[in-house]
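K.L.:
Here it is, the structure, as structure tokens.
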Amino acid sequence: MISCTFALSQVSKLVGLAPATLNARVNTLLKNKKILRGSLNRILLMPDQVKKIIEDQFNPASGKIIYIGNLKGGVGKTTLAYLIVETLSMLGLKVCAIDLDIQANLTQQFDNIKASPPVFADVIDKKAAIQDIIINIHPTLDIIPSSLKNSLIQKTLSTQTPKHYLTWFNLLCLSYLRSKYDVIVVDTPPSLTTLNSIFCLCLKAGDHLIIPACADEFSMIGIDMFLEDINGIRESYKVKSNPKISIILNKFFQNQTSNIDMFAKISQLYPDILSKLTIKDCAKIRETTTNKVRIGAVANGKELFEIMSALLKELNIFKDNKK
């Protein structure tokens, strides 16, 4: 299969429209366009073509930020970030991935990034503009990469003149990014940093804060500390336009009593923000991220596409046609 395309069956699983409906839309909306064909004469669509036939299924998205964070490592932040940016960009949305983790795991998912690229630290240190550190991956996906150099951000911010972070950060980069992209996905380190706090400060209505967690006590501690930090800085600035927050249990084993008990416990503590969506341990997810497989090249991925469909509805990307 051509990796930068989606088969109609894949689009169907993600959006929830019948293949026959999508086929009719292809014949109507793309009748004068060149259509690629795969094995067994299957229709393969480029991202712009996918967007054309499912545009009415999207909720409005313009500069939406999806921030993925938890102070506990190993909960799947980078995995979710990769799957989200791959899926949304292949659906034709203009997406920017931002890697803030100095381990640069999200950056390393993409092979066409040179060693030691300019990173956020260069923007904070006034050595580069935000436009200078954006790397194009394919027509609908860009990335702001990370490296060990980003470990200098905390020191740089601590030595700069105190500033009104909300205004400063929007002027520095967020206003530009929101104007250029449909969706911005931020992958973060499992630590409290000033830059992470500033990012969360700037989130507003329409944005989405995702807190992946495993069903264990350490994840709960990470959730508590993470939310305390976010709420603290937002309250200090008296921010009233709030993003949606979702705690999503990842690598979830539905047949393990300990996992069920932990879900119940988190539900009692955070009834308003614990998502009903749980992502079970899935071999296809591990295979896709470990092997750096493009989402359109995933074979036998029914379970993966069902998970992504539910996740994109949780993120309010797609309309919920069941309502």
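K.L.:
Look through 26, 50 and report the one residue that is among the aliphatic types (A, V, I, L, M), touching a residue at least 40 places away in the same chain (Cβ under 8 Å) and assigned to a helix (DSSP H, G or I). Give the steps one after another, and end with the answer.
P.N.:
Details: 26 fails: touching a residue at least 40 places away in the same chain (Cβ under 8 Å).
Only one candidate passes the filter, namely 50.
K.L.:
Can we say residue 224 is open to solvent by 50 Å² or more (accessible area, probe 1.4 Å), within 15 Å of residue 246 (Cα to Cα) and either at pLDDT 90 or above or touching a strand residue (DSSP E or B) at 6+ places or on another chain (Cβ under 6 Å) (or both)?
P.N.:
On the way: open to solvent by 50 Å² or more (accessible area, probe 1.4 Å): yes; within 15 Å of residue 246 (Cα to Cα): yes; either at pLDDT 90 or above or touching a strand residue (DSSP E or B) at 6+ places or on another chain (Cβ under 6 Å) (or both): yes.
Here the answer is yes, as residue 224 does meet what is asked.
K.L.:
So is residue 207 among the acidic types (Asp, Glu) and open to solvent by less than 20 Å² (accessible area, probe 1.4 Å) or not? If you could, list the steps in order and put the result at the bottom.
P.N.:
Details: among the acidic types (Asp, Glu): yes; open to solvent by less than 20 Å² (accessible area, probe 1.4 Å): yes.
It is true that residue 207 is among the acidic types (Asp, Glu) and open to solvent by less than 20 Å² (accessible area, probe 1.4 Å).
K.L.:
Any residue at all in the range 131-139 that's touching a Ser or Thr at 6+ places or on another chain (Cβ under 9 Å), assigned to a helix (DSSP H, G or I) and not basic (Lys, Arg)?
P.N.:
No, there is no match, as no residue in the range 131-139 is touching a Ser or Thr at 6+ places or on another chain (Cβ under 9 Å), assigned to a helix (DSSP H, G or I) and not basic (Lys, Arg).
K.L.:
Being open to solvent by 20 Å² or more (accessible area, probe 1.4 Å) and either within 14 Å of the chain's Cα centre (by Cα) or within 21 Å of residue 16 (Cβ to Cβ) (or both) narrows it down to one residue among 72, 51, 77; which is it? Break it down stepwise before answering.
P.N.:
Numbers: 72 fails: either within 14 Å of the chain's Cα centre (by Cα) or within 21 Å of residue 16 (Cβ to Cβ) (or both); 77 fails: open to solvent by 20 Å² or more (accessible area, probe 1.4 Å).
The match here is 51.
K.L.:
Could you look through the range 29-47, keep only residues that are without any contact (Cβ under 8 Å) to a residue 40 or more places away in the chain and either surrounded by 12 or more Cβ atoms within 10 Å (Cβ to Cβ) or touching a Pro at 6+ places or on another chain (Cβ under 8 Å) (or both), and pick out the one that is farthest from residue 309 (Cα to Cα)? Break it down into steps so the answer makes sense when it comes.
P.N.:
Looking only at the range 29-47, we keep the residues that are without any contact (Cβ under 8 Å) to a residue 40 or more places away in the chain, and these are 29-43.
From the residues that got through so far, the ones that are either surrounded by 12 or more Cβ atoms within 10 Å (Cβ to Cβ) or touching a Pro at 6+ places or on another chain (Cβ under 8 Å) (or both) too are 29-30, 33, 35-36, 38, 42-43.
Details: 29: 23, 30: 24, 33: 27, 35: 24, 36: 24, 38: 23, 42: 21, 43: 20 Å.
Here the residue is 33.
K.L.:
Now, a different point. For the range 1-23, how many residues are out of contact with any Lys or Arg (no Cβ under 6 Å at 6 or more places or on another chain), over 13 Å from residue 57 (Cβ atoms) and not in a helix (DSSP H, G or I)?
P.N.:
5
K.L.:
Taking the criterion of being of a type in the set (Lys, Arg), assigned to a helix (DSSP H, G or I) and open to solvent by 30 Å² or more (accessible area, probe 1.4 Å), would at least one residue in the range 145-167 satisfy it?
P.N.:
The initial filter retains those residues of the range 145-167 that are of a type in the set (Lys, Arg), namely 149, 155, 163.
Filter once more, keeping what is assigned to a helix (DSSP H, G or I): 149, 155.
Then drop every residue that is not open to solvent by 30 Å² or more (accessible area, probe 1.4 Å), which leaves 149, 155.
Checked against the condition, which is being of a type in the set (Lys, Arg), assigned to a helix (DSSP H, G or I) and open to solvent by 30 Å² or more (accessible area, probe 1.4 Å), the range 145-167 yields at least one hit.
K.L.:
Kindly provide the set of residues from the range 227-262 that are open to solvent by 60 Å² or more (accessible area, probe 1.4 Å), more than 22 Å from residue 193 (Cα to Cα) and either hydrophobic (A, V, I, L, M, F, W, C) or part of a helix (DSSP H, G or I) (or both), ordered by number. Give the derivation first.
P.N.:
Pass one, the range 227-262, residues open to solvent by 60 Å² or more (accessible area, probe 1.4 Å): 228, 231, 235-238, 240, 242, 244, 251, 253-258, 260-261.
Cutting the leftovers down to more than 22 Å from residue 193 (Cα to Cα) gives us 240, 251, 253-258, 260-261.
Selection gives 253, 257, 258, 260, 261.
K.L.:
Those residues that are of a type outside the set (Asp, Glu) and either surrounded by 22 or more Cβ atoms within 10 Å (Cβ to Cβ) or assigned to a strand (DSSP E or B) (or both), I need them from the range 174-188; list them, please. Even if it seems obvious, please write down each step before you answer.
P.N.:
Start the filter on the range 174-188 by keeping residues that are of a type outside the set (Asp, Glu), which leaves 174-181, 183-186, 188.
Hits for the range 174-188 are 181, 183, 184, 185, 186, 188.
K.L.:
Inspect all residues belonging to the range 8-20 and state whether any of them is open to solvent by less than 10 Å² (accessible area, probe 1.4 Å) and either in contact with a Pro (Cβ under 9 Å, 6 or more places away or on another chain) or farther than 17 Å from residue 299 by Cβ (or both).
P.N.:
yes
K.L.:
Also, quick follow-up: For the range 243-289: of the residues being of a type in the set (S, T, N, Q) and over 18 Å from the mean Cα position of the chain (by Cα), which is nearest to residue 301 (Cα to Cα)? Walk me through it before giving the result.
P.N.:
Just the residues of the range 243-289 that are of a type in the set (S, T, N, Q), to begin with: 246, 250, 254-259, 267-268, 275, 278, 288-289.
The next check asks that each one be over 18 Å from the mean Cα position of the chain (by Cα); those that pass are 254-259, 267-268.
Working: 254: 20, 255: 22, 256: 24, 257: 28, 258: 28, 259: 25, 267: 30, 268: 34 Å.
Selected residue: 254.
K.L.:
What are the residues in the range 287-323 that are open to solvent by 60 Å² or more (accessible area, probe 1.4 Å), part of a helix (DSSP H, G or I) and touching a residue at least 12 places away in the same chain (Cβ under 8 Å), if any?
P.N.:
302, 303, 306
The values are calculated or read from the model by the stated rules, or taken from the named source; none is laboratory data. These numbers come from a predicted model, not from an experiment. Glycine also receives a Cβ, built like all others from the backbone with ideal geometry; neighbour counts cover every protein chain displayed. All accessible areas refer to the heavy atoms of the entire protein, side chains included, with ligands and DNA or RNA removed. Shrake-Rupley method; radii C 1.70, N 1.55, O 1.52, S 1.80 Å.
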